[in-house]
Amino acid sequence: MKNLNIDGLKSSRIHDTFVDLKKQKTCALICYVVAGYPTIQMSEKIITTLIESGVDIIEIGIPFSDPIADGPVIQSASYQSLTNGTTPEMCIKLCSRLRKKFPKTPILFMTYANILYGTGIKKFLTISKKSGADGFILPDIPVDESADYIKLASDLDLSTIFLVSPNISNDRLSSIISKTTGFIYLVSVFGTTGERKQLEEYTIKKIKEVKKYVRGRLPVSVGFGIGTLEQVRTIVAAGADGIIIGSKIIKIIKDGKNQKEILINLEGFIKHIKIGCKI
Amino acid sequence: MDYIYPVNGKYGEYGGKFIPETLFPAIEELEISYNKYKKNKEFQKELFYYLTQYAGRPTPLYFAKNLTDFAGGAQIFIKREDLLHGGAHKTNNTLGQGLLAKKMGKKRIIAETGAGQHGVGTALACAVLGLDCEIYMGAKDTQRQKLNVFRMNILGARVHKVDSGTQTLKDAVNEAIRDWISNVQTTYFLFGSVVGPHPYPMMVRDFQSVIGREIKDQMKKKFGGNFLPDAIVACVGGGSNAMGSFYPFIEDSHVSLYGVEAGGLGLKTTKHCSTLTGGKPGIFHGMKTYLLQDENGQISETHSISAGLDYPGVGPEHSFLKDIKRANYVNCTDKEAIQSFLTLSKYEGIIPALESAHAIHYAIKLARRMKKSEKIVVTLSGRGDKDVETVQNYLDRNKTDSIKN
């Protein structure tokens, strides 16, 4: 793993987190929330609860009008958030506030290309860095179209986390490994985000293949469709370094009757899932 | 001028492949297959067979004398894509891609549709070629283009009504992309316009270029030698009929090219979809191109009386042609389109699609500025049967609109 901690400005939070967890024989638990769902104030409370309950890395979803890689749960939360008037600026401010509370927890932004290009990619990355963010996950910027983005992010020492699909060729995987900093995001299924009842056999096979191919150069985290303890245990047993949960978190938020219930349910869920993260 | 675009999937800075990783193997397979079959004589022969024997090509290039007299300027010729089987130019592309999908061994075809013309075009191509067909269409569009939903069903296609977002074309594309991501190993996505990730903009342009090639031949036959028209006019939503009309003329720099976008209620309002005249570059639906978007990069809600033009993006090659100033992009409001719809029906006995009525409007306007000896070709991309209810409703609401241009 690449250690980026050269001077005080540079972020090594992702690296340090994975190294620490490895020592504790634990798989990283990474959770995604749509910023501004149900409100931006509530997002802050939700993320605080997630971190205090044991989540290791946070992905702040900046809502986009046309989220093509997302299933119905995240689509509808994004739509709700935008209807509430959430702007990218509000999401960045949310990150700043969280950074003050949690100096060590890695925080990533997950959004779509046009959110960055709409503001101007350089400006967007610069203000994100200032807010204390550690990197970006952009499902519609593949490595082939990433030259500007990688250059600018690398200058600011922001991690560029690329997605790997279940049907990826070794050539493409090599190219992605060379351009990824932080961790590899292995998409577990053919499809968009959203819970699945059961894991596919090809998912387990792919985790093992990718782990073998990566040879410890980067941690491998697995996401899309994961929501139960049993699924987490199987993925951890297959050798994953991190587990990413998104839609299930949004579903818990959606189903909660009030703020208090949402936070209690999230705490309960995270503590339950953490059991499965033990290697 | 040597025009050899796209270069590595790009038209200048536009185009590219901004797609989720899962779609990469499919896009790469498509690019390889297309490049192979493009040069394959058997494939071209088979496509030619379907275009001529089945779909009715070549379509006429009609000198619209009454419309010319009405405008009182340059001579207006109409390229009759409304007479193509299916009722619009879309069939050129659906037969091309349908045959390609079949050669690639794909059995399940999905497509997006706005006005329903591409949906109908895809459904009929799948019927004749023996492929399964599923069409995504915005809920709002299934309402305003009911006739086409019915036609698709009759042709054996399954129509999925899309309730997300603005319930129009862009949301139909989103939903079709999500289906494609989920079923990429078995499914062929048949994009209906010169939009999306490379190689779609190039491939759809190539299949639609039969329009421009025929215009060129027909003008030469009518007027001899190397005679070319002075201007070509076509409507632009995604921009496939325009790209197909323009492409064979791009190196003929003395032929002016005009793309007509939907001005909706006017560019001073937010109720339009004039992407090239009112938008700025961004990334959407797999491509870098001009987009209608807000200051935060959210895609704008658009409006046009014509469902087929109601789209916040545009083909990347049009963005490039705008920047290098090879083509001019103008717009036409809902009201002007309705007037031209009525004018063409009354003076020429041709009921145009509302999309195409935008082009007719600008052709009349342009003719008035040009000499009587000059010649304009306007591509009539589709016929208007599907739109009569929309027009009737519009006229009922706006009783003062009379038939004048």
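Couple of notes before you dig in:
- Entries of B:Lys38/B:Lys106; B:Lys335/B:Lys375; B:Lys140/B:Lys268; A:Lys45/B:Lys170; B:Lys45/B:Lys170 with Cα pairs more than 29 Å apart: A:Lys45/B:Lys170; B:Lys45/B:Lys170
- DSSP bridge orientation in the protein assembly as shown - percent antiparallel, rounded to nearest 5: 20 percent
- Gain in span if fully extended, B:Phe223 to B:Leu395, counting 0.36 nm per residue against the direct Cα distance: 57.9 nm
- Comparing mean-square fluctuations of B:Ala111, B:Ala234, B:Ala74 from a GNM of chain B with C-alpha springs under 10 Å, the top value falls on B:Ala74.
- Once backbone amide H atoms are built at 1.01 Å from N, B:Leu291 has B:Lys280, B:Gly282 as its partners under 5 Å, excluding neighbours fewer than 5 places away on the same chain.
- Here, P(r) means the percent of Cα pairs in each 5 Å bin from 0 to the largest distance; for the stretch B:284-330 it is 5, 20, 23, 25, 20, 7, 0.
- Along its principal axes, the stretch B:202-296 has C-alpha extents of 53, 28, 19 angstrom, given from the largest down.
- Distant-in-sequence amide H partners of B:Glu261 (H built 1.01 Å from N, under 5 Å): B:Val236, B:Val330, B:Asn331, B:Cys332
- For chain B, cysteines whose Cβ has no other cysteine Cβ within reach (under 4.7 Å): B:Cys235, B:Cys273, B:Cys332
- Whole-angstrom gap from the stretch B:13-79 to the stretch A:184-199, using each part's C-alpha centre: 37 Å
- Amide proton proximity set for B:Phe63, modelled H, under 5 Å, gap of 5+: B:Ile78
- In order along the stretch B:274-291, phi translates into HN-Hα couplings of 8, 5, 7, 8, x, x, 9, x, x, 10, 6, 6, x, 9, 9, 6, 5, 9 Hz, rounded to whole numbers, per the Karplus curve 6.51 cos²θ - 1.76 cosθ + 1.60 with θ = phi - 60° and x for Gly and Pro.
- Binned Cα-Cα distances of the stretch B:1-140, short to long, each 5 Å bin given as a whole percent: 2, 8, 13, 15, 17, 17, 13, 7, 4, 2, 1, 0
- Where Rh is the Kirkwood radius over Cα pairs, Rg/Rh for chain A: 0.92
- Diffusion coefficient of the stretch B:131-277 by Stokes-Einstein, Kirkwood radius over Cα pairs, 20 °C, 1.002 mPa s: 121 µm²/s.
- Å² per residue, accessible surface of the stretch A:12-268 at 1.4 Å: 38 Å²
- Total accessible surface hidden between A and B, rounded to 100 Å², 1.4 Å probe: 2700 Å²
- For the protein assembly as shown, the carbon plus sulfur part of the accessible surface works out to 51%, probe radius 1.4 Å.
- Among beta bridges identified by DSSP and lying wholly in chain B, the antiparallel ones come to about 35 percent.
- Entries of B:Lys221/B:Lys346; A:Lys22/A:Lys274; B:Lys280/B:Lys325; A:Lys206/B:Lys103 with Cα pairs more than 19 Å apart: B:Lys221/B:Lys346; A:Lys206/B:Lys103
- In Hz, Karplus ³J(HN,Hα) per residue of the stretch A:187-196 (6.51, -1.76, 1.60; θ = phi - 60°; x = Gly, Pro): 7, 6, 9, 7, x, 8, 5, x, 4, 10
- Shape analysis of chain B based on the Cα gyration tensor places the equivalent ellipsoid semi-axes at 29, 24, 21 Å, largest first.
- Once the Cα gyration tensor of the stretch A:1-155 is diagonalised, semi-axes √(5λ) in Å: 23, 20, 15
- Computed over chain B with a Gaussian network model linking Cα atoms closer than 10 Å, the most mobile of B:Arg80, B:Arg178, B:Arg158 is B:Arg178.
- Derived scalar couplings between HN and Hα for the stretch B:51-67 equal 5, 8, 6, 9, 9, x, 6, x, 8, x, 10, 9, 7, 8, 5, 5, 5 Hz in order, rounded to whole Hz, by the Karplus curve 6.51 cos²θ - 1.76 cosθ + 1.60 (θ = phi - 60°), x for Gly and Pro.
- Average 1/r across all pairs of distinct alpha carbons in the protein assembly as shown, invert it, and you get the Kirkwood radius: 26.2 Å.
- q = 0.10, 0.16 Å⁻¹, the stretch B:287-405: log10 I(q)/I(0) [Debye, one scatterer per Cα]: -0.37, -0.88
- Once the Cβ-Cβ distance of B:Gln185 and B:Asp385 is raised to the sixth power relative to R0 = 51 Å, the FRET efficiency obtained is 0.85.
The values are calculated or read from the model by the stated rules, or taken from the named source; none is laboratory data. Since this is a predicted model, take the numbers as computed values, not measurements. Please note: Cβ atoms are built from the backbone with ideal geometry, for glycine as well, and neighbour counts cover all protein chains shown. Each accessible area value is taken on the protein alone, full model and side chains, heavy atoms only, with ligands, DNA and RNA left out. Shrake-Rupley method; radii C 1.70, N 1.55, O 1.52, S 1.80 Å.
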